[in-house]
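Have a look at the structure below, then the notes.
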Amino acid sequence: MRRGIIQRGERTVATTAQTVRRKRRYTEEDLKRLPRDGYKYELVNGRIRQVPTGGRHGELGAGLTARLWNHVRRWAKVYDSSTGFRMNSGNIRSPDVSVLRKERLEGGKSPEDFIDGAPDLAVEIVSPSERPAEIYAKLGEYFESGAQEVWLIFPERKQVHRYTPSLQVQVLNENEVLTTPLLPDFELPLRELFEGV
């Protein structure tokens with residue numbers, strides 16, 4: 001018998017005799033009702049998707065979150081992957097790390113609910129199991145919803161791809177330093193980011 005797991009637009013309903021699957025479009029309310037079980041979920045085109053993450057993924061995200069928070073905390077908020085952003089399409093995306101200027105938040109405070117629009121900076125740590133089409137769909141949605149930059153981190157290659165809204169990309173390798181006009185004076189030697197992972 002399986003417990004109410006939601007995956008790929010199907011709802012699994014446990015009964016004593018059998019497991020029944022039914023297709024339906026899920027909503028923000030369905031996403032909010034999911035248990036806080038340590039998994040990352042997104043609402044994409046009416047389907048709730050569990051996004052796989054692992055230890056290395058979490059370590060990279062935590063390290064980058066700390067570096068960004070130390071740099072921007074006076075004028076921006078930094079969020080981890082448990083924060084949902086409501087895209088213009090209605091999808092709810094949860095970047096692995098995100099930065100949002102406080103001036104975009106009512107009273108400079110984070111809402112209890114999902115945040116409208118994309119963060120100013122969205123960071124996705126790309127796992128080997130993610131398909132390129134999925135990655136670039138997220139990239140497009142972030143920019144369509146107001147992102148100023150998107151960073152794709154490829155741990156396997158030890159690279160960061162820094163995208164701007166015009167879809168220009170800067171590819172940075174492990175021996176380079178990540179800087180951006182979006183975050184004045186921010187410098188991240190990528191060797192430090194990838195150290196030990």
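The values are calculated or read from the model by the stated rules, or taken from the named source; none is laboratory data. Treat the numbers as computed from the prediction; the structure is a model and nothing was measured. When we count neighbours, we look across all protein chains shown, and the Cβ atoms used for this are built from the backbone with ideal geometry, even at glycine.
Taking every residue in the range 131-144 that is under 13 Å from GLN168 (Cα atoms) and pairing it with any residue that is loosely packed, with under 14 Cβ neighbours inside 10 Å and at pLDDT 95 or above, at least 6 positions away or on another chain, the pairs with Cβ-Cβ distances below 7 Å are PHE143/PRO165. Answer with yes or no whether ASP120 is under 17 Å from SER81 (Cβ atoms) and touching a Lys or Arg at 6+ places or on another chain (Cβ under 6 Å). When the stated conditions are applied, ASP120 passes them.
Test ALA122 against the criterion of being in the same structural domain as GLN159 (by TED's automatic domain parsing) and not in a strand (DSSP E or B), and give yes or no.
no
Here TYR163 fulfils each of the conditions (1) aromatic (Phe, Trp, Tyr); (2) in contact with a helix residue (DSSP H, G or I) (Cβ under 7 Å, 6 or more places away or on another chain); (3) closer than 16 Å to GLY61 by Cβ apart from (3).
So is ALA122 closer than 16 Å to THR65 by Cβ, over 15 Å from the mean Cα position of the chain (by Cα), surrounded by 22 or more Cβ atoms within 10 Å (Cβ to Cβ) and at pLDDT 95 or above or not? The answer is no for ALA122. Among the strands (runs of 3 or more DSSP E) confined to the range 35-102, the ones with at least 2 residues that are modelled with pLDDT under 95 are located at 40-44, 47-51.
ALA66 meets each of the listed conditions (1) surrounded by fewer than 13 Cβ atoms within 10 Å (Cβ to Cβ); (2) in contact (Cβ under 8 Å) with a residue 12 or more places away in the chain apart from (2).
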